[in-house]
Structures are given as structure tokens and as C-alpha cells.
Amino acid sequence: MERIIGVPRAGRTPSQVIIGNGAASRLRELLPAARTIVITDPNVERHWHALTEGFERIVIGTGESSKTLATVEEVYRRLIALDADRTCCIVGVGGGIVTDVAGFVASTFMRGVRFGFVATTLLAQVDASVGGKNGVNVDGFKNMAGVFNQPDFVLCDSSMLATLPGRELRAGLSEAIKSGIIADAELFERIEAQRPEELFSDLGALAGIVASAVGVKSRIVEADEREAGERRLLNLGHTFAHAVEKCTGRFLHGEAVAIGMDIISRIAVATGDMSRGSCERIRSLLLRVGLPVESGVEMSRLLRAVRQDKKRSSESIYVTLPCEVGRCRIAKMPLTELERLALAVEPDSAER
Ligand SMILES: NC(=O)c1ccc[n+]([C@@H]2O[C@H](COP(=O)([O-])OP(=O)(O)OC[C@H]3O[C@@H](n4cnc5c(N)ncnc54)[C@H](O)[C@@H]3O)[C@@H](O)[C@H]2O)c1
Ligand SMILES: [Zn+2]
């Protein structure tokens with residue numbers, strides 16, 4: 001069964017997120033008659049070469065260290081060498097690194113060409129490929145340069161997740177748990193109800209989780225495509241996740257998000273927004289899935305990185321505080337207040 005979720009785009013037809021099987025044939029149906037150039041990475045190329053057979057391909061490196069302006073410039077050079085022009089369509093085939101880079105390249109090459117994605121990681125299917133934030137890191141600071149621009153289509157084929165390492169599946173589930181905490185308690189319960197190993201081998205259940213998470217994201221992006229307000233909800237856990245990513249090279253993005261969600265949950269207990277029971281429930285699910293909840297980095301160091309994060313506006317910062325599973329609120333907080341709270345809930349100083 002195929003599900004199509006349309007994500008509204010200002011002044012244009014909706015971006016189509018297609019959740020189903022048979023990505024190879026579906027991709028060919030979706031492509032305009034124009035020339036298609038695929039951007040992918042070596043792992044996806046190795047496992048899923050057949051999917052992009054016959055298309056011209058540009059292969060970029062893997063990991064956060066490849067999500068840079070240097071990679072973008074290299075891709076521009078390759079496009080020029082291929083004689084690409086504005087009529088081309090770019091398709092990013094890969095995880096969030098590929099889709100973030102491909103979306104940025106497509107939005108800026110010759111002032112913008114059409115583009116779509118085949119999302120090949122769980123994290124890209126539930127989050128990264130959807131919603132139109134495309135960008136790259138600068139000096140280790142996450143997503144410092146980027147654009148809002150949604151793809152024409154996103155293909156999410158859960159059978160492509162069969163080749164994904166377990167650690168990557170767990171990291172992807174972290175962002176789906178995030179969607180549940182933000183706005184879909186039933187999604188959170190569904191993840192709670194199944195043993196992680198069973199879930200990861202049940203492609204139908206995974207597709208259902210992708211559909212629910214994309215549903216949450218689509219409703220929020222519809223209300224606030226360019227993050228003037230409500231879209232900040234999607235940053236749950238990310239203020240500290242980005243700090244963890246800046247301070248260590250050890251964690252995958254989804255793992256850093258799990259650590260960030262645990263920190264912000266404890267802060268939400270301290271502010272009186274959330275009960276201790278809900279905080280424990282979130283932590284238990286993260287642990288059960290096999291996600292980390294501690295970074296090993298001192299809070300004072302994380303807070304220095306938070307100060308430099310792009311979400312800081314003057315001396316205040318927007319943080320998404322969980323109130324209960326399925327409901328969060330956005331708070332504008334003086335940085336000094338966030339620092340005070342974070343230091344107070346640091347595991348060493350807390351009661352736990
Ligand atoms: N733009 C957004 O809205 C948004 C949202 C969330 C996350 N992100 C970004 O997404 C990035 C993380 O994305 P990710 O977790 O997908 O990481 P990733 O792109 O690095 O992919 C993870 C690993 O899996 C490999 N891989 C991909 N598909 C595979 C498959 N089907 N089989 C086997 N191996 C496969 C990749 O080569 C890579 O080694 C981060 O940079 C994060 O900031 C962006
Ligand atoms: Zn994220």
C-alpha cells in the first residue's frame with residue numbers, strides 16, 4: 001500500500017512524500033522528462049546501485065565532515081563539468097547528509113533547479129528529507145548555511161532500510177520518538193509497545209512510523225514553513241544535540257538528539273512544565289531502544305557551544321519544552337536561565 005502525504009509549499013504545488021515500496025520504478029515515474037543527475041554516497045551506491053542505474057551520478061563523502069561548503073563547491077564543479085543547466089533535475093539518494101547537501105546544491109546551482117529525494121535511512125524518511133530545510137555545517141557548527149526549499153517529491157521505501165546498520169536504525173528512531181513527544185502520543189505508544197528488534201525487522205510497522213512522523217512534520221510545516229514560530233517545536237532536544245555534536249565526534253545525529261531530549265526533559269521537570277513520571281517514561285524508551293542519554297561531556301562545555309548556536313537571538317534562546325508525551329511548548333528563555341537550569345539538572349548534581 002502506498003501513502004502519499006502532501007506537504008504544502010507557499011505558492012507552489014505541495015511537496016509529495018510517497019511512502020511505499022518499489023522505489024526504482026516509482027522514481028522513474030516521478031521524474032520530469034528533463035535530464036536527471038543523482039547525488040548519492042558510496043554506501044548507498046554500493047547497496048542500491050540498481051536504483052539509479054542509467055542516471056549520471058555524483059558521489060559525495062559520508063558523515064558530518066562531508067556536509068560542508070567544500071563539498072557543495074565540489075558538486076557545483078562536477079555539475080559544470082557535466083554541462084548541467086537549469087533544466088536539469090537533481091535527485092538526492094541517501095540519508096540526511098546527502099539530502100541536506102543535495103537540497104542546498106539544487107536550491108543554489110544556477111539560482112535553483114528542480115529536485116527530489118529518495119530517502120534511504122530511517123532518519124531521512126522520518127525527518128531529514130521532509131520540510132525543506134537544506135544546509136551544511138560551518139566549522140563544526142550545525143546547519144549554519146542553508147535555505148528553506150522543499151523538494152518536489154520524497155520517496156520513502158522501507159525495504160531500502162533492510163541494508164541499514166542497526167545503530168543507524170536506532171538513531172533514526174530517535175527522531176520518530178521526537179515527533180511522538182511533540183505531537184503524537186499514539187506514535188510514541190506504538191514505539192513503546194514493540195520490541196526494537198521486532199520493529200526493525202517489520203517493514204510494514206516501520207512504514208507506519210514513517211507515515212506518522214511525516215504527518216506530524218507536515219502539519220507543523222504547513223502552519224509555519226519558514227520557522228517563524230511553531231516550527232521551532234521540531235527542534236525538541238536539538239539545542240543540546242547540536243552542542244553534543246560540536247563537542248564530540250562520537251555520536252550520530254539521532255543519538256545526540258536522544259541525549260538532548262533527555263537533558264531538555266529534565267529541564268522541563270525543573271521548570272514545572274512536565275511531571276517526573278513523563279520524564280522517566282521518555283528516558284526509559286530511549287534506553288530501551290538502545291539510544292544513549294548521556295554524552296560524557298561536562299554541562300559547562302555543552303553550554304559554551306549552546307551560546308554559539310544559531311538559535312540564540314541576542315541574550316535569549318528559543319527552547320522547546322516537553323509538557324507531556326504528545327505536547328510541547330516553545331519558550332523564549334534568557335540564556336542565563338537555561339544555563340542555571342541545565343547546571344542544576346546535570347546528573348552529578350541531580351538526585352538520580
Ligand atoms: N534537513 C532537516 O530537516 C534535517 C532533519 C533531521 C536531520 N538532519 C540531518 O541529517 C543528517 C543525518 O542523517 P542520517 O542519519 O540519515 O545520516 P547519513 O546520511 O550519514 O546516513 C547514515 C549512514 O548510513 C549509510 N546509508 C544510507 N542509506 C543506507 C542504506 N539504505 N543502507 C545502508 N547504508 C545506508 C550512509 O552512507 C551513512 O554511512 C544530520 O546531518 C542531520 O543534521 C536534517
Ligand atoms: Zn534532527
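Number of residues in segment 1-28 that are surrounded by 15 or more Cβ atoms within 10 Å (Cβ to Cβ) and assigned to a strand (DSSP E or B): the value is 11.
Only one of (1) among the hydroxyl-bearing types (Ser, Thr, Tyr); (2) more than 7 Å from ligand 1 (Cβ to nearest atom); (3) surrounded by fewer than 24 Cβ atoms within 10 Å (Cβ to Cβ) fails for SER129. Which number is that? Unmet for SER129, out of (1) among the hydroxyl-bearing types (Ser, Thr, Tyr); (2) more than 7 Å from ligand 1 (Cβ to nearest atom); (3) surrounded by fewer than 24 Cβ atoms within 10 Å (Cβ to Cβ): (3). Residue-level check: of (1) closer than 22 Å to ILE330 by Cβ; (2) in contact with a helix residue (DSSP H, G or I) (Cβ under 7 Å, 6 or more places away or on another chain); (3) assigned to a helix (DSSP H, G or I); (4) not hydroxyl-bearing (Ser, Thr, Tyr), MET274 misses just (3). Taking the stated definitions as given, is LEU31 out of contact with any Lys or Arg (no Cβ under 6 Å at 6 or more places or on another chain) and crowded, with 18+ Cβ neighbours inside 10 Å? No; evaluated as a whole, the condition is false for this residue. In this entry, GLY166 is excluded by the filter for residues that are under 14 Å from the mean Cα position of the chain (by Cα) and either of a type outside the set (A, V, I, L, M, F, W, C) or within 11 Å of ligand 1 (Cβ to nearest atom) (or both).
Residues that are part of a strand (DSSP E or B) and touching a residue at least 60 places away in the same chain (Cβ under 8 Å) were ranked within segment 29-70; the one that is nearest to ILE209 (Cα to Cα) is ILE39. Condition first: more than 9 Å from ligand 1 (Cβ to nearest atom), β-branched (Val, Ile, Thr) and within 30 Å of VAL244 (Cβ to Cβ). Now tell me which residues in segment 41-72 satisfy that. Result: VAL59, ILE60, THR68, THR71, VAL72. With respect to the conditions (1) within 14 Å of ligand 1 (Cβ to nearest atom); (2) among the small types (Gly, Ala, Ser); (3) farther than 19 Å from ILE5 by Cα; (4) assigned to a helix (DSSP H, G or I), GLY249 lacks only one, and its number is (4).
Of the residues making up segment 73-93, just one is within 27 Å of ARG250 (Cβ to Cβ) and either surrounded by fewer than 21 Cβ atoms within 10 Å (Cβ to Cβ) or among the polar types (S, T, N, Q) (or both), namely GLU74. Could you list, ordered by first residue, the pairs with Cβ atoms under 6 Å in which the first is in segment 250-278 and touching a residue at least 40 places away in the same chain (Cβ under 8 Å) and in the same structural domain as ALA305 (by TED's automatic domain parsing) and the second is of a type in the set (Ser, Thr, Tyr) and surrounded by 19 or more Cβ atoms within 10 Å (Cβ to Cβ), at least 6 apart or interchain? Cβ pairs passing all conditions: GLY254/SER174; VAL257/SER174; ALA258/SER174.
Looking at segment 210-225, which of the residues that are part of a helix (DSSP H, G or I) and touching an Asp or Glu at 6+ places or on another chain (Cβ under 8 Å) is surrounded by the most Cβ atoms within 10 Å (Cβ to Cβ)? Per the stated criteria, the residue is ALA213. The residues in segment 28-74 that are of a type in the set (Phe, Trp, Tyr) and in contact with a helix residue (DSSP H, G or I) (Cβ under 7 Å, 6 or more places away or on another chain) can be counted, and the count is 1. Within the set VAL136, VAL154, VAL101, the sole residue that is within 14 Å of the chain's Cα centre (by Cα), closer than 17 Å to ILE209 by Cα and not assigned by TED's automatic domain parsing to the domain that holds PRO292 turns out to be VAL154. Search segment 160-186 for residues being away from ligand 2 (no atom under 16 Å from the Cβ) and of a type in the set (A, V, I, L, M, F, W, C), and hand back the single one that is nearest to PHE240 (Cα to Cα). Of everything passing the filter in segment 160-186, ALA185 is nearest to PHE240 (Cα to Cα). Whether a residue is within 21 Å of THR163 (Cα to Cα), within 16 Å of ligand 1 (Cβ to nearest atom), of a type in the set (Ser, Thr, Tyr) and not in a helix (DSSP H, G or I) was assessed, and THR99 does not pass this test. I'd like to check something: does segment 207-215 contain any residue that is at pLDDT 95 or above, under 30 Å from LEU303 (Cβ atoms) and in the same structural domain as HIS253 (by TED's automatic domain parsing)? Checked against the condition, which is being at pLDDT 95 or above, under 30 Å from LEU303 (Cβ atoms) and in the same structural domain as HIS253 (by TED's automatic domain parsing), segment 207-215 yields at least one hit. Of GLU230, GLU197, GLU186, GLU192, all but one fail to be among the charged types (D, E, K, R), outside the structural domain of THR108 (by TED's automatic domain parsing), touching a strand residue (DSSP E or B) at 6+ places or on another chain (Cβ under 9 Å) and more than 12 Å from ligand 1 (Cβ to nearest atom); the exception is GLU230.
The values are calculated or read from the model by the stated rules, or taken from the named source; none is laboratory data. For clarity, every value in this text was computed on a predicted model and none was experimentally measured. Neighbour counts run over all protein chains shown; Cβ positions are idealised from the backbone, glycine included.
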